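Q: Below are the structure tokens for one structure; questions will follow.
Readers should treat all values here as calculations from the given coordinates under stated rules, not as data from a laboratory. The structure presented is a predicted model; accordingly, all values stated were derived computationally and were not measured. FYI the Cβ positions are ideal-geometry reconstructions off the backbone, even for glycines, and counts take in every protein chain you see.
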Amino acid sequence: MSKKKIMIIFIGIVCVSFLALIFISTHKKSTQNNFSSADKIAVIHVDGVITSSHTTSSILSEGNGGTDQLIKDLHAAAEDTSVKAIVMRINSPGGAVTATEEVGEEMNKIRDNGKPIVVSMGDTAASGAYWLSACADKVYANPTTVTGSIGVYMPYSNWEELYQKIGIRQDKIKSGIHKDILSSDRPMTPEEHQMLQAIVDELYNGFVDVVAKGRHMDRERVKQLADGRIYTGKQAKELGLVDELGNYYDALDGTAAMVGISGKPQIKEFGKDNPLSLLFSANSKENLLKELFSGLTADTALKSIAPQAMPEKW
């Protein structure tokens with residue numbers, strides 16, 4: 001058989017497989033959406049970095065941290081009269097400031113309208129992901145979950161000496177003296193440092209307020225815990241940052257009991273219907289971990305889950 005024929009057959013198999021995945025995914029979603037009208041629990045997945053974008057939920061993406069999709073899912077679950085409560089399954093190191101705030105506000109609106117929200121933490125629910133957790137009615141964590149990281153930092157670098165050594169000179173025309181603040185080719189002035197510190201302090205205080213309100217904790221107590229350190233799920237439970245130790249199914253059972261659903265609850269999932277994500281999820285996760293941690297020391301790896309203030313990241 002010629003190479004051309006083999007290639008045509010291979011492409012045909014791939015196309016058929018892809019169409020089959022789309023059919024299965026669409027059929028599953030259709031069946032799920034037209035299931036019986038019995039009381040259900042909605043499950044919304046928050047995977048990866050939380051960003052003000054829809055791209056992380058696109059057809060080529062396996063994550064579901066884009067706020068466009070998350071808010072759309074929250075609205076759909078809130079408006080579905082058969083859904084009695086929402087479980088947010090979070091596996092995220094955090095994300096952008098505004099994106100996190102937007103999702104948190106939507107969660108608060110839904111709770112104010114009488115529909116409970118429960119968070120189930122996966123491997124990681126730190127920084128901005130803990131912000132979202134603090135907006136829930138109840139939080140479950142595994143004993144080994146990495147959470148906390150309540151705080152803000154603003155990274156910057158000065159490469160001026162390196163540029164000089166390799167013969168690079170940076171020039172710019174700017175509209176104001178602070179337009180190139182955080183530029184890597186010049187030192188930061190004391191005035192600029194003070195300006196940025198004020199921003200970091202403002203963001204930090206907002207984070208503390210959210211945790212204090214959501215967890216019904218004294219603000220000064222939260223500040224004692226909010227020095228940027230991470231906690232295990234077990235430590236977070238002892239400190240009052242989470243409510244229960246348990247896995248995803250414990251959270252489902254607890255949520256069902258909270259809203260009076262007896263027996264095994266019916267589940268309506270959001271954010272996991274992407275056919276390409278089903279095809280590539282294992283490889284993409286492995287590659288993501290390699291990309292995040294390859295060549296990093298333990299110290300810098302832990303710093304990667306800390307909130308970043310610029311450009312607008314926790």
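Q: First measure r as the distance between the Cβ atoms of Arg186 and Asp227, then evaluate 1/(1 + (r/R0)^6) with R0 = 30 Å and state the FRET efficiency to the nearest 0.05.
A: Values: r = 31 Å, r/R0 = 1.02.
According to the calculation, E is roughly 0.45.
Q: Here's another thing I want to ask about it. Express in nm, to one decimal, how much length is gained between Ala38 and Lys109 on full extension, taking 0.36 nm for each residue of separation and deducting their alpha carbon distance. Intermediate values should be presented prior to the final figure.
A: Details: separation 71, 0.36 × 71 = 25.56 nm, distance 2.42 nm.
Once the chain is fully extended between Ala38 and Lys109, it gains 23.1 nm.
Q: I want to check the label-to-label distance for Lys179 and Thr81. Put each point 7 Å from Cα in the C-beta direction and report it in nm to one decimal.
A: So the label points at Lys179 and Thr81 sit 5.7 nm apart.
Q: Take the Cβ-Cβ distance between Lys172 and His193 as r, set R0 to 30 Å, and report the resulting FRET efficiency rounded to the nearest 0.05.
A: Working: r = 20 Å, r/R0 = 0.67.
FRET efficiency, Lys172 to His193: 0.90.
Q: With each label point set 7 Å from Cα along the Cα-Cβ vector, what nm distance links Lys264 and Met154?
A: Distance between label points: 5.3 nm.
Q: Something else: Going by C-beta contacts inside 10 Å, put Asp47, Asp123 in order with the fewest on the left. It would help to have the intermediate numbers written out before the result.
A: On the way: Asp47 22, Asp123 13.
Neighbour counts put them in this order, fewest first: Asp123, Asp47.
Q: What full-extension length gain, to one decimal in nm, is calculated for Asp68 and Val200 as 0.36 nm per residue of separation minus the Cα-Cα distance? Mind dumping the intermediate values first?
A: On the way: separation 132, 0.36 × 132 = 47.52 nm, distance 2.58 nm.
Gain on stretching Asp68 to Val200: 44.9 nm.
Q: For region 164-256, what does the alpha-carbon gyration tensor say about shape, rounded, prolate or oblate, given a ≥ b ≥ c as the root eigenvalues, a/c under 1.5 as rounded, and a/b over b/c as prolate? Display every interim value, and only then the final one.
A: Details: a/c = 3.47, a/b = 2.48, b/c = 1.40.
Because a/c hits 1.5 or more and a/b exceeds b/c, region 164-256 counts as prolate.
Q: Neighbouring Cβ atoms within 10 Å as the yardstick, rank Phe270, Phe207 fewest first.
A: Fewest to most other Cβ atoms nearby, the residues stand as Phe270, Phe207.
Q: Sticking with this one: How would you classify region 77-148 from its alpha-carbon gyration tensor, with a ≥ b ≥ c the square roots of the eigenvalues: rounded for a/c under 1.5, else prolate if a/b is greater than b/c, otherwise oblate?
A: Numbers: a/c = 2.46, a/b = 1.44, b/c = 1.70.
Here region 77-148 falls in the oblate category.
Q: Now for a separate question. Distance from a point 7 Å along Cα→Cβ of Gln164 to each backbone N in region 179-196: keep the residues under 17 Å and list them by number.
A: Correct set: 184-189.
Q: Going by how many other beta carbons lie within 10 Å of each one, how would you line up Ser52, Ser120, fewest first? Mind dumping the intermediate values first?
A: Working: Ser52 17, Ser120 29.
With the fewest neighbours first, Ser52, Ser120 line up as Ser52, Ser120.
Q: Turning to a different aspect of this structure: From the backbone phi of region 117-125, what are the Karplus-calculated ³J(HN,Hα) couplings (6.51 cos²θ - 1.76 cosθ + 1.60, θ = phi - 60°) in whole Hz, Gly and Pro given as x?
A: Per-residue couplings from phi come out as 10, 10, 9, 10, 7, x, 4, 9, 8 Hz.
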